[in-house]
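The values are calculated or read from the model by the stated rules, or taken from the named source; none is laboratory data. Note that the structure is predicted; figures quoted are calculated from it, not measured. Cβ placement follows ideal geometry from the backbone for every residue including glycine, while neighbour counts extend to all protein chains displayed. Ligands, DNA and RNA are excluded from the accessible area calculation, which covers all protein heavy atoms including side chains. Shrake-Rupley method; radii C 1.70, N 1.55, O 1.52, S 1.80 Å.
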Amino acid sequence: MILDDIHTEHGYIGRLLRLLQQKLVAIEQGKEVDYTLIKDTVEYLQHHAERCHHPKEDVLYHYYQAHYADQNGQLDSLEREHEELAGLTREFADTVEMILMDAVIPLDLFAEKLTTFVERQRAHLEFEERQIIPQIRERFTERDWLAVSDLYEECGGDPLFGQQVSERYRNLAARLHQ
């Protein structure tokens, strides 16, 4: 079921955010940080989560809005929030890329951007898990699930958490399994 897939993907994203949080702690403690690992994490979120995960959610949320009144108005802001998170992710990815190209970026500024990135992503996941997903689970019928499944087009396997880890993400996958 699409909602179970979304919940599972939220767990994967949560694992990546915990990894970024560990990097933030290392930065704050003055320890050496593998910025390539941060880049890989952000690129995964940028490429897979934004191209597969958020579109899946958007199909689900649009269907819910069209067929069930969103009395709290909570769904109205989700697509806009997905766009804002995509912008935040691009901006943070650019910052990481600059560091990898030896640009001088003060650590406190980088730590602040990393904190903002992790906090915004985490708050978004928690909002969906606590507010939106329970509403949908409660209201959807079997017919709704079939209709949503027909609307969503699968976008291929997950290059990090799927059955076959892409060469691009092998280092990140190894780090996540430590």
Residue that is more than 19 Å from Glu50 (Cβ to Cβ) and basic (Lys, Arg), where the choices are Arg122, Arg170:
Arg170
Going by what's in this entry, would Lys23 be described as farther than 26 Å from Leu151 by Cβ, in contact with a helix residue (DSSP H, G or I) (Cβ under 9 Å, 6 or more places away or on another chain) and not in a helix (DSSP H, G or I)?
no
Could you tell me which of the residues Glu9, Glu79 is of a type in the set (D, E, K, R), surrounded by 12 or more Cβ atoms within 10 Å (Cβ to Cβ), without any contact (Cβ under 8 Å) to a residue 24 or more places away in the chain and closer than 30 Å to Ala147 by Cβ?
Glu79
Got a sec? Which of Thr36, Thr41 is at pLDDT 90 or above, open to solvent by less than 20 Å² (accessible area, probe 1.4 Å) and not aliphatic (A, V, I, L, M)?
Thr41
Kindly check whether there is at least one residue in the stretch 1-20 that is under 26 Å from Gly157 (Cα atoms) and outside any helix (DSSP H, G or I).
yes
Among the candidates Phe117, Phe161, Phe127, single out the residue that is assigned to a loop (DSSP other than H, G, I, E, B) and either open to solvent by 40 Å² or more (accessible area, probe 1.4 Å) or within 30 Å of Thr36 (Cβ to Cβ) (or both).
Phe161
Confirm whether Leu85 is modelled with pLDDT of 95 or more and not basic (Lys, Arg).
no
Would you check which residues across the stretch 1-21 are over 11 Å from the mean Cα position of the chain (by Cα) and at pLDDT below 95 and list them?
Met1, Ile2, Leu3, Asp4, Asp5, His7, Thr8
Report yes if Gln135 is exposed (fewer than 14 other Cβ atoms within 10 Å of the Cβ), in a helix (DSSP H, G or I), of a type in the set (S, T, N, Q) and in contact (Cβ under 8 Å) with a residue 40 or more places away in the chain, otherwise no.
no
